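To keep things clear, I will list the structure first and then write my remarks on it.
The values are calculated or read from the model by the stated rules, or taken from the named source; none is laboratory data. Every value quoted in this text rests on a predicted model; they were computed, and no experiment measured them. Backbone-built Cβ (ideal geometry, glycine too); neighbour counts: all protein chains shown. With ligands, DNA and RNA removed, areas are computed over all heavy atoms of the protein, side chains included. Shrake-Rupley method; radii C 1.70, N 1.55, O 1.52, S 1.80 Å.
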Amino acid sequence: IITFDFYLSLQTSVITAHTNPSKSSSSSSSSSSSSLYSELPWLAKMSLKSLSFYSLLPILSPSSSSSRLNFSLLMHCSTRRTSRVVLCSHQPFAPLPDVRIVVGCGGVSMDYLVMVDGFPKPDEKVRGVSYKVQGGGNVGNALTCAARLGLKPRIIAKVAGDSEGRGILEELEGDGVDTSYVVVSEEGRSMFTYLIIDNKMKTRTAIYQPGYPPMMPAEISTTTLSSALEGAKLAYFDGLSLKTALVVADEASRRNIPILVDAEMGEEGFENLLNIASYAVCSAKYPQAWTKAPSMPSALVSMLVRLTNLKFVIVTLGEEGCIMLQRFQNDEVAGLEAMNVDQCFASLNKKRDCSVTYPTCVSSPILKLEAPGIGTVHGKLLVGTAEKIPPSELVDTTGAGDAFIGAVLYALCADMPPEIMLPFAAQVAAGCCREFGARTGLPHHSDPRLERFLRLNSPQMAATS
């Protein structure tokens with residue numbers, strides 16, 4: 001481990017470095033190792049110019065033309081602007097999905113985060129213990145997560161040509177998000193958010209200021225939209241820039257591209273976006289607030305009854321995990337047992353394994369799930385648990401829901417079954433909670449904590465199960 005101080009902006013990019021094969025084509029493995037280590041000062045210098053918060057950079061030590069040592073250079077930027085360079089062996093746990101392009105449309109912002117030892121009372125002044133400036137916004141965070149997991153995200157959004165806007169774009173590009181479809185306004189102000197993180201209570205309070213002028217459909221030409229959606233596996237929307245989102249979603253639907261919607265907050269007309277969605281991931285309060293149903297399970301039934309295109313709906317519940325209701329068409333199943341959805345949920349809760357710390361999932365069989373006074377859905381109810389993060393490791397929950405959605409995007413591209421998708425997404429979200437800021441702790445595809453889930457979904461495991 002090599003530690004060095006650096007002074008650079010927070011907006012950075014990832015570099016990939018390769019040692020020169022001509023230098024050591026005839027050397028032994030020991031001299032190859034020496035060659036590799038001799039390159040580290042050069043890599044450190046290059047990394048100072050181009051560095052992401054948490055990036056894996058492949059380095060190939062050319063011990064021979066047929067056999068190369070595979071290493072990863074792990075960069076991690078802390079709030080005190082100290083970086084650690086870790087040299088470690090790296091092998092992928094599972095192949096990446098064949099189709100990895102996803103398109104996201106919505107909000108990107110600059111986050112100004114401050115951590116305090118207690119949330120201030122009215123008229124009280126408190127001192128911050130940590131401070132960070134980092135890119136944010138639901139779509140920006142989720143697509144950053146998807147990029148680190150190995151997808152190829154494209155983002156449709158709007159920023160101003162101010163310092164925040166430039167920083168937002170630089171950081172997204174540094175993580176591998178394609179920003180060529182972002183509208184940059186010469187005037188106005190980019191979206192920004194103030195976040196207060198209570199270090200004792202582990203809560204966060206956000207105050208956001210929308211960007212101005214707002215994004216309008218006319219700013220995305222037909223040619224640009226067609227290019228953005230070309231080859232996409234999924235389209236994702238957070239509900240911001242709703243007029244533009246509806247135009248993009250209509251075109252995605254016309255092209256039979258599945259649509260995932262983040263149902264957290266919706267302005268007037270948001271239901272029109274939900275009506276054409278294939279999947280919905282909701283914040284804890286949204287399902288019951290929107291449906292007025294008496295319980296969470298019955299609210300999920302209500303959503304599938306009202307939104308006939310939805311294949312599944314998930315509600316995230318923080319440390320309580322998540323609940324998912326997956327629809328099966330009537331012609332896919334026959335002779336199903338009927339069961340009250342609240343009773344089914346209670347039964348699944350009793351089956352949860354509380355003895356393990358890692359995320360798990362329990363599922364019902366396919367049933368006729370009934371919600372009295374609401375309707376019936378043919379489907380499966382699934383209950384996922386969250387990772388039990390030790391209090392000493394829990395830092396900040398900012399962006400955990402966005403990380404969960406980023407992982408769901410990956411899972412859908414990888415054709416993960418829900419029983420693996422839910423704990424996988426919970427594990428990704430847990431990584432986010434271990435660091436300060438929405439993006440600092442987002443894991444990469446090679447993160448050891450993800451291994452169990454990626455291996456379970458690998459073709460080899462699928463063939464033996």
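So between Ala284 and Asp415, what do we pick up on full extension, going 0.36 nm a residue minus the alpha carbon distance? Before the final figure, lay out each step's value.
On the way: separation 131, 0.36 × 131 = 47.16 nm, distance 2.54 nm.
My answer for the length gained is 44.6 nm.
Please report the orientation-averaged projected area of region 308-465, defined via the convex hull of its C-alpha atoms, in nm².
Details: hull surface 43.0 nm².
Result: a mean projected hull area of 10.8 nm².
Calculate I(q)/I(0) for region 148-205 by the Debye formula, one identical point scatterer on each C-alpha and no solvent, and give its log10 at q = 0.22 Å⁻¹ to two decimals.
So the normalised log intensities are -0.86.
In what order, largest first, do Leu172, Leu240 sit by accessible area if the probe radius is 1.4 Å?
So, going from the largest accessible area down, we get Leu240, Leu172.
Seen from all sides and averaged, what is the projected area of the convex hull of the Cα atoms in region 96-243, in nm²? Working shown, then result.
Details: hull surface 41.2 nm².
Average of the hull's projected areas for region 96-243 equals 10.3 nm².
Can you classify region 286-351 as rounded, prolate or oblate using the Cα gyration tensor, where a ≥ b ≥ c are the square roots of its eigenvalues, rounded means a/c under 1.5, and otherwise it's prolate if a/b beats b/c and oblate if not? Walk me through the numbers on the way to the answer.
Working: a/c = 1.74, a/b = 1.22, b/c = 1.42.
Taking the square roots of the gyration eigenvalues as a ≥ b ≥ c, region 286-351 is oblate.
From the P(r) of region 215-267, can you give the percent of Cα pairs sitting at distances over 13 Å?
Details: 781 of 1378 pairs.
Result: 57 percent of Cα pairs exceed 13 Å.
Which of the peptides 263-274, 149-160, 409-420 is most tightly packed, and how do the rest follow, going by the mean number of other Cβ atoms within 10 Å of each residue?
Values: 263-274: 16.2, 149-160: 25.5, 409-420: 20.4.
So the peptides 263-274, 149-160, 409-420, ranked by packing, come out 149-160, 409-420, 263-274.
Residues in region 393-410 near a label at Met265, defined as backbone nitrogen under 16 Å from the 7 Å Cα→Cβ point?
Of the residues in region 393-410, 398-402 have backbone N under 16 Å from the label point off Met265.
For a label point 7 Å from the Cα of Val356 along Cα→C-beta, name the residues of region 309-326 whose backbone N is under 16 Å from it.
321-322, by backbone N distance to the label point.
I need the peptides 429-436, 94-101 ranked by packing, meaning the mean over residues of other C-beta atoms within 10 angstrom, with the highest value on top. Each step should come with its number before you reach the end.
Numbers: 429-436: 23.4, 94-101: 16.2.
Top to bottom by mean Cβ count within 10 Å: 429-436, 94-101.
As a quick test, which of the pairs Lys121/Lys292; Lys121/Lys243; Lys132/Lys152; Lys200/Lys285; Lys311/Lys350; Lys243/Lys388 have an alpha carbon distance above 30 angstrom in this structure? Intermediate results must be reported in sequence, preceding the final value.
Numbers: Lys121/Lys292 33 Å; Lys121/Lys243 38 Å; Lys132/Lys152 27 Å; Lys200/Lys285 24 Å; Lys311/Lys350 26 Å; Lys243/Lys388 40 Å.
Long pairs (Cα-Cα over 30 Å): Lys121/Lys292; Lys121/Lys243; Lys243/Lys388.
So if each residue of separation counts as 0.36 nm, and I subtract the Cα-Cα distance between Asn340 and Ile207, what length gain in nm does that give?
Details: separation 133, 0.36 × 133 = 47.88 nm, distance 4.00 nm.
Length difference between fully extended and current span is 43.9 nm.
Give the value in nm², to one decimal: projected area of the alpha carbon convex hull of region 388-465, averaged over all directions.
For the Cα atoms of region 388-465, the hull's average projected area reads 5.2 nm².
Keeping all protein chains in the complex and leaving out DNA, RNA and ligands, what accessible area do you get for Arg204 with a 1.4 Å probe, in Å² to the nearest 10?
Estimated to the nearest 10 Å², Arg204 gives 100 Å².
Taking a cut-off of 21 Å, what percent of all Cα-Cα pairs in region 181-340 are separated by more than that?
In whole percent, the share of Cα-Cα pairs in region 181-340 beyond 21 Å is 57.
Evaluate region 263-391: find the radius of gyration of its Cα atoms, find its Kirkwood radius, and give the ratio Rg to Rh. The partial results should precede the final answer.
Details: Rg = 14.7 Å, Rh = 15.1 Å.
A ratio of 0.97.
Any chance you could look up the accessible area of Thr385 with a 1.4 Å probe, heavy atoms only, rounded to 10 Å²?
The accessible area of Thr385 comes to roughly 20 Å².
Take the Cα atoms of region 187-249, find their three principal axes, and give me the spread along each one in whole Å, biggest first.
Computed over region 187-249, the largest-to-smallest principal extents equal 50, 32, 15 Å.
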